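First comes the structure, then the notes that go with it.
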Amino acid sequence: MKPRVISVVGHSGAGKTTLVEKLIRELTGQGVKVATIKHAHHKVVLDTPGKDSFRYKEAGAVMSMLLTRDVLQLIADAKAEREPEQLAQRFLGEADLVLAEGFSLGGGAKIEVLRRACAKPPRCLVEDGLIAIVTDMGEVYPQLPHFGLDDIASIVRFILELK
């Protein structure tokens, strides 16, 4: 069974990470197994040159996994599967819900964080899969459900009731 995927989108500084963090706490407190996928536009070093998993990838492995007593890190090629739904199906099957941060240009359901203080227009259109707005701006997309920036319980209820 593949997990449901919802992308949390918005401009830099809008509060996406803070919202996702709060949603994770609330959802896991209700017994939901949550996984996350973060989209970064800038280059991030995921593995250290010279270390074993880096060397395995350099040698041609399609995936390399590092397992310690407490954590697991997976390094894998993502050239073909770059959409949150594809990544969730490939790597996150044990989760009930995947919260993907970013992916405003990708497909699937999106909740946008939009704050008046950011002074920017929405990143997504309803046609892009936008299903709700977390905002302090009531005039934006009035046809969609609106949630306050700290109304975590209502956002969680909305997510859990999605079909």
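The values are calculated or read from the model by the stated rules, or taken from the named source; none is laboratory data. Nothing here was measured: the structure is a model prediction, and the numbers come from that model. All Cβ positions, even for glycine, are placed from backbone atoms using ideal geometry, and neighbour counts span all protein chains on display.
So that you can scan it fast, the table gives a plain yes or no per residue for (1) surrounded by 12 or more Cβ atoms within 10 Å (Cβ to Cβ); (2) of a type outside the set (Gly, Ala, Ser); (3) touching a residue at least 24 places away in the same chain (Cβ under 8 Å):
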position: GLY106; (1), (2), (3): yes, no, yes
position: ALA119; (1), (2), (3): no, no, no
position: MET137; (1), (2), (3): yes, yes, no
position: GLY148; (1), (2), (3): no, no, no
position: ILE152; (1), (2), (3): yes, yes, yes
The number of residues in the range 57-73 that are in contact with a Ser or Thr (Cβ under 9 Å, 6 or more places away or on another chain) and either among the charged types (D, E, K, R) or modelled with pLDDT of 75 or more (or both) is 1
Would you please name the residue that is modelled with the lowest pLDDT, looking only at residues in the range 21-56 that are closer than 25 Å to ASP77 by Cα and assigned to a helix (DSSP H, G or I)? SER53
Only one of these is touching a strand residue (DSSP E or B) at 6+ places or on another chain (Cβ under 6 Å), acidic (Asp, Glu) and within 23 Å of HIS11 (Cβ to Cβ): GLU83, GLU101, GLU139. Name it. GLU101
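ILE131 - would you say it is modelled with pLDDT of 95 or more, surrounded by 17 or more Cβ atoms within 10 Å (Cβ to Cβ) and more than 14 Å from the chain's Cα centre (by Cα)?
Judged against the criteria, ILE131 is a match.
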Against the condition within 24 Å of VAL9 (Cα to Cα) and either basic (Lys, Arg) or more than 19 Å from the chain's Cα centre (by Cα) (or both), how does ARG55 come out, does it pass? no
